[in-house]
Amino acid sequence: MKKPVKVAITGAAGQIAYSLIFRVASGSMLGPDQPVILQLLDIPDALEKLKGTVMEVDDCAFPLVTETIASADPMEAFDGTDYALLVGARPRGPGMERKDLLEANAKIFSVQGKALSEKASRDVKVLVVGNPANTNALIAQSNAKKLDPRQFTAMVRLDHNRALSQLAAKTGSKTTDISKMIIWGNHSATQYPDITHTLVGEKAAVNLVDQEWVEKDFIPTVQQRGAAIIKARGLSSAASAASAAVDHMHDWALGTNGKWVSMGIPSDGSYGIKPGVVYGYPVTCANGKYEIVQGLSINEFSRSRMDATEQELREERAAIEELLK
Ligand code: NAI
């Protein structure tokens with residue numbers, strides 16, 4: 001049996017975590033031979049509820065779970081952490097402006113970035129799920145002076161999976177037949193789900209669907225899927241968000257064998273997106289590292305969509321700039 005690794009999950013008493021913790025504990029994320037120590041973090045007011053979740057984890061008698069820690073202190077919860085899934089965030093309250101939401105979250109993610117920098121494994125892999133995910137990841141990364149910025153990522157995998165599912169339904173194929181899907185930019189309504197390089201089996205997706213469907217149906221459906229789920233369920237997507245988080249970390253840790261996936265990562269100038277934001281890119285993963293898929297042709301339509309979502313990220317950044325010091 002391998003040595004256990006430490007997996008921290010924040011927002012551990014919340015609804016995404018109620019699915020995520022059990023998927024991680026069962027081995028979906030890191031494989032059926034990788035024992036885990038669960039480090040669960042939430043705020044003091046949620047600790048009683050979290051106790052109930054921990055009781056349920058115990059009651060599953062998962063063979064891979066060697067220990068479960070529940071805490072309201074990031075310095076304790078991130079001690080030696082190998083994988084950090086930052087799910088907990090401040091939801092938008094009544095009358096709260098976008099800037100207020102950004103600032104409230106900025107405070108949470110600056111504290112957590114500092115704690116990760118001090119306490120986590122030097123090789124920690126961090127995935128930010130809590131919204132606004134890209135900018136929260138930027139804040140955590142900027143506050144983690146002792147870690148490499150590339151260790152901080154944001155989740156656009158749910159959008160990627162939603163795009164696969166929509167295209168599969170439209171073309172009468174299976175999601176596993178589809179490759180080279182891309183989500184560019186922000187996990188928000190400006191994200192750009194791009195099928196210009198996508199294959200369905202051996203065929204180019206753009207030859208199977210028309211541009212009108214792409215612009216009027218596919219892109220808005222993927223962009224607005226979160227809102228559609230809230231409308232239907234009365235609650236935001238949780239199990240699908242947890243599943244996407246599992247996919248993101250699984251692929252980053254264990255590799256994609258050449259398959260493209262989408263990850264929000266610190267921009268490095270690739271595709272004209274200057275450094276300073278966390279931006280969704282197509283990547284491949286191997287040996288615990290991700291690499292941006294380079295050399296793709298970008299048409300005029302794609303360029304304008306990619307620039308629009310970058311612009312939104314720059315505006316989010318401007319709203320919390322002082323917390324990036
Ligand atoms: P939830 O409200 O059910 O749970 C959030 C939990 O975070 C609560 O238990 C709360 O006490 C905790 N929390 C708040 N501040 C914290 C802090 N400073 N430290 C630790 N825990 C803290 O929310 P849910 O449904 O689990 O969603 C969590 C986040 O994920 C939200 O921001 C949501 O918008 C986001 N989300 C992101 C998606 C993505 O694709 N990136 C998809 C779906 C949701």
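The values are calculated or read from the model by the stated rules, or taken from the named source; none is laboratory data. Computed from a predicted structure; not experimentally measured. As a convention, Cβ positions derive from the backbone with ideal geometry for all residues, glycine included, and neighbour counts pool all protein chains shown.
Which residue is nearest to the ligand (Cβ to nearest atom), if the candidates are limited to segment 238-256 and must be more than 13 Å from the chain's Cα centre (by Cα) and touching a residue at least 60 places away in the same chain (Cβ under 8 Å)?
Ala239
Looking only at residues that are within 14 Å of Trp260 (Cβ to Cβ) and crowded, with 22+ Cβ neighbours inside 10 Å in segment 185-197, which one is nearest to the ligand (Cβ to nearest atom)?
So in segment 185-197, the residues within 14 Å of Trp260 (Cβ to Cβ) come out as 193-197.
Within this subset, residues satisfying the condition of being crowded, with 22+ Cβ neighbours inside 10 Å are 193-195.
On the way: Pro193: 13, Asp194: 17, Ile195: 19 Å.
The extreme case among them is Pro193.
Conditions (1) away from the ligand (no atom under 13 Å from the Cβ); (2) buried (at least 24 other Cβ atoms within 10 Å of the Cβ), marked per residue:
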site: Pro132; (1), (2): no, yes
site: Ala137; (1), (2): no, yes
site: Gln141; (1), (2): yes, yes
site: Leu147; (1), (2): yes, no
site: Asp159; (1), (2): no, yes
site: Ala163; (1), (2): no, yes
site: Thr171; (1), (2): yes, no
site: Lys174; (1), (2): yes, no
site: Ile183; (1), (2): no, yes
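Pairs linking a residue in segment 88-108 that is within 16 Å of Glu316 (Cα to Cα) and assigned by the TED database to the domain that holds Gly11 to a residue that is crowded, with 18+ Cβ neighbours inside 10 Å and of a type in the set (Ser, Thr, Tyr), with Cβ atoms under 8 Å and 6 or more positions apart or on different chains, are Leu102/Thr135; Asn105/Thr135; Ala106/Thr135. Of the helices (runs of 4 or more DSSP H) entirely within segment 217-325, those holding at least 2 residues that are touching a helix residue (DSSP H, G or I) at 6+ places or on another chain (Cβ under 6 Å) occupy 219-223, 239-254, 300-320.
Among the residues of segment 273-325, the one identified as of a type in the set (Lys, Arg), within 19 Å of Asn143 (Cβ to Cβ) and surrounded by fewer than 18 Cβ atoms within 10 Å (Cβ to Cβ) is Lys325. Which of the residues that make up segment 198-220 are buried (at least 16 other Cβ atoms within 10 Å of the Cβ) and within 29 Å of Thr135 (Cβ to Cβ)? If the condition is that a residue be buried (at least 16 other Cβ atoms within 10 Å of the Cβ) and within 29 Å of Thr135 (Cβ to Cβ), then Thr198, Val214, Phe218, Ile219 are the ones that fit. If we scan segment 70-79, do we find a residue that is in contact (Cβ under 8 Å) with a residue 60 or more places away in the chain and of a type in the set (A, V, I, L, M)? Yes; the residues of segment 70-79 include at least one that is in contact (Cβ under 8 Å) with a residue 60 or more places away in the chain and of a type in the set (A, V, I, L, M).
Could you please find all residues in segment 12-49 being under 12 Å from Ala242 (Cα atoms) and out of contact with any strand residue (DSSP E or B) (no Cβ under 8 Å at 6 or more places or on another chain)?
Residues of segment 12-49 that are under 12 Å from Ala242 (Cα atoms), as a first pass: 12, 14-24, 28-29.
Hits for segment 12-49 are Gly14, Gln15, Ile16, Tyr18, Ser19, Phe22, Arg23, Ser28.
For segment 267-294, what are the residues that are at negative phi and of a type in the set (Ser, Thr, Tyr)?
Within segment 267-294, Ser267, Ser270, Tyr279, Tyr281, Thr284, Tyr290 meet the criteria.
Assessment of segment 109-118 against the conditions (touching a residue at least 24 places away in the same chain (Cβ under 8 Å) and within 20 Å of Ser262 (Cα to Cα)) yields no matching residue.
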